[in-house]
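Since the structure comes first, as C-alpha cells, the remarks are kept for the end.
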Amino acid sequence: MPEVVPSNYLKHQVLGDSLFIGLNAFKLPYNLVVFNIKKQEFVKRISIDPNFFKNEIESFYAVSLDSIFFNSFSGKSIYLINSNGQKIKEWNVEKMEGPRYPGENGFFFSFSIYPNIFYDKTNKKLLLTISDNRFHEEPGFSQLPKLLVLDLESDEIEGFWIPPFGRMKSRGQQFFPDDLYGIQVAIVGDFLYISTAYDDLVLKCSLNDGKILNSGVPIEMKELFSPLTKEEKADNSKLWDYRVKMPFFEDLSFHESLGIFSRIFHHEVTNPSDMQTRKSTIVTFDQNLNLLETFDFQGNEQLGIWKNTKLTDGILMGVPEEKQISEDILNHYRYLKFVLD
C-alpha cells in the first residue's frame with residue numbers, strides 16, 4: 001500500500017475479478033484508486049480535475065478502466081472519464097429531452113453509501129437511483145419513482161421507474177434513516193432486481209419498462225426495525241442510536257459465473273459497545289428469488305460493513321477497521337468463493 005492512498009474505500013467495484021477500484025470521498029476526494037487484487041499490487045490513482053464538475057464524486061460505475069461513469073454530490077450531471085481522469089463526455093440531465101420527473105419538487109441523485117449508478121451494456125442504458133428533493137417529508141405511500149433511466153444512444157431520458165414498494169411504501173408517515181433511502185439495483189439479462197437496505201423483499205422487474213414481474217422474500221429477517229416517527233427522527237440522539245443498532249442489508253449482488261444472487265445481512269446490535277462482535281449473514285438465492293444457502297460470520301470472521309464487493313463467483317471482503325492488521329495493507333482482501341452442489 002503506497003502512502004499516497006488510503007487502505008479503506010466506501011464505494012468499490014471489481015473489474016474482471018482482478019482490478020479493484022475504490023472511492024474514499026472523505027480521505028481522497030476527486031480520486032479513484034486502482035489495485036490488482038490477484039497480483040496484490042497497487043496499480044494507479046486516477047485523479048479527476050474538479051474544475052469540470054461542481055462537487056466531490058458521489059458514486060461511480062466502471063465499464064472498463066477507460067470508461068468510468070460518475071456523478072457528484074448535489075449535481076445533475078453524469079460524467080464519463082478515461083483511465084487518466086480526462087473527461088470523455090458529460091450529460092446534464094436537466095437539459096436532456098424526454099419525460100419529466102412527476103414530482104413537483106424535482107429530484108436529486110440518491111445520497112447513499114451504496115452505488116447509485118448502474119449500466120446496461122446491452123441496451124446502453126444508464127440507471128441512477130433518485131430521491132425527491134423533499135424526501136425527508138415524502139410519505140411512504142407516494143408514487144414518486146426512485147429510478148432515472150437514460151438512453152445513451154439517443155442522449156435522452158427514457159423514463160422514471162420504480163415507485164415505492166414494500167417497507168418503503170408501507171411506512172406511511174414514518175421514516176428510515178436518510179442514507180438508506182436509495183434503492184439497491186442489480187441488472188441481470190433483461191431484468192432488474194430491486195430492493196432496499198431495510199427490506200427483505202426483492203422485486204424482479206422488466207428492463208424494458210421497469211414494470212414489476214415478480215417479487216419474493218428469499219429469507220425473512222424478523223429483526224428488521226419498524227420505521228421512526230417524525231419526532232424520533234428529529235431527535236438526533238434517538239436517530240443515531242437507531243442507526244447504529246439497526247439491522248440492514250448490504251447490496252444486491254449477482255454472481256455471473258454461477259447465476260446466483262447474494263445479500264449480506266448485518267444483524268441487530270443491542271448495545272453499541274457490541275459492534276465488534278456483530279453477527280452478519282450472507283444469504284444466497286436464485287433468479288426466481290428462492291433461498292439457496294446462508295452463511296454466518298462473527299467473532300474472528302466478522303465482516304466489515306460496506307467493505308464487501310461482488311465477484312463473478314463470490315465476494316471480496318474486508319474486516320472492521322478496528323480489526324485491521326495494518327494501514328499498509330488494502331483492507332478489502334479476503335476472498336469468499338461460492339461452491340454450488
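If you go through region 186-200 and pick out every residue that is among the β-branched types (Val, Ile, Thr) and either open to solvent by 10 Å² or more (accessible area, probe 1.4 Å) or more than 20 Å from Val217 (Cβ to Cβ) (or both), you end up with 2.
Every residue, every condition in (1) assigned to a loop (DSSP other than H, G, I, E, B); (2) open to solvent by 10 Å² or more (accessible area, probe 1.4 Å); (3) in contact (Cβ under 8 Å) with a residue 24 or more places away in the chain; (4) of a type in the set (Gly, Ala, Ser), yes or no:
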residue: Gly304; (1), (2), (3), (4): yes, no, yes, yes
residue: Lys307; (1), (2), (3), (4): yes, yes, yes, no
residue: Asp328; (1), (2), (3), (4): yes, yes, yes, no
residue: Asp341; (1), (2), (3), (4): yes, yes, no, no
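Under the condition of being outside any loop (DSSP other than H, G, I, E, B), closer than 17 Å to Ser215 by Cα and of a type outside the set (S, T, N, Q), the residues counted in region 250-266 number 4. Looking only at region 198-207, decide whether some residue is among the charged types (D, E, K, R) and in contact with a helix residue (DSSP H, G or I) (Cβ under 8 Å, 6 or more places away or on another chain). Yes, region 198-207 contains at least one residue that is among the charged types (D, E, K, R) and in contact with a helix residue (DSSP H, G or I) (Cβ under 8 Å, 6 or more places away or on another chain).
Taking strands (runs of 3 or more DSSP E) as the structural unit, those lying wholly within region 1-96 and holding at least 1 residues that are surrounded by fewer than 19 Cβ atoms within 10 Å (Cβ to Cβ) and either of a type in the set (Gly, Ala, Ser) or over 19 Å from the mean Cα position of the chain (by Cα) (or both) correspond to 31-36, 41-47, 57-64, 67-72, 77-81, 87-92.
If we keep just the residues of region 159-185 that are part of a strand (DSSP E or B) and not aromatic (Phe, Trp, Tyr), which is surrounded by the fewest Cβ atoms within 10 Å (Cβ to Cβ)? Across region 159-185, the extreme among qualifying residues is Gly159.
For (1) surrounded by fewer than 17 Cβ atoms within 10 Å (Cβ to Cβ); (2) assigned to a strand (DSSP E or B); (3) modelled with pLDDT of 95 or more; (4) touching a helix residue (DSSP H, G or I) at 6+ places or on another chain (Cβ under 8 Å), each residue gets a yes or a no:
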{"site": "Phe118", "(1), (2), (3), (4)": "no, yes, yes, no"}
{"site": "Leu126", "(1), (2), (3), (4)": "no, yes, yes, no"}
{"site": "Ser131", "(1), (2), (3), (4)": "no, yes, no, no"}
{"site": "Phe135", "(1), (2), (3), (4)": "no, no, no, yes"}
{"site": "Gly140", "(1), (2), (3), (4)": "no, no, no, yes"}
{"site": "Gln143", "(1), (2), (3), (4)": "yes, no, no, no"}
{"site": "Val149", "(1), (2), (3), (4)": "no, yes, yes, no"}
{"site": "Glu153", "(1), (2), (3), (4)": "yes, no, no, no"}
{"site": "Ile157", "(1), (2), (3), (4)": "no, yes, yes, yes"}
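Looking across region 198-249, the residues that are of a type in the set (S, T, N, Q) and part of a loop (DSSP other than H, G, I, E, B) come down to Asn208, Ser226, Thr229. Of all residues in region 267-286, none are in a loop (DSSP other than H, G, I, E, B), open to solvent by 10 Å² or more (accessible area, probe 1.4 Å) and in contact (Cβ under 8 Å) with a residue 60 or more places away in the chain.
The values are calculated or read from the model by the stated rules, or taken from the named source; none is laboratory data. In this text, all values refer to a predicted model and were calculated from it rather than measured experimentally. Backbone-built Cβ (ideal geometry, glycine too); neighbour counts: all protein chains shown. Keep in mind that these areas ignore ligands, DNA and RNA; they rest on the heavy atoms of the full protein, side chains included. Shrake-Rupley method; radii C 1.70, N 1.55, O 1.52, S 1.80 Å.
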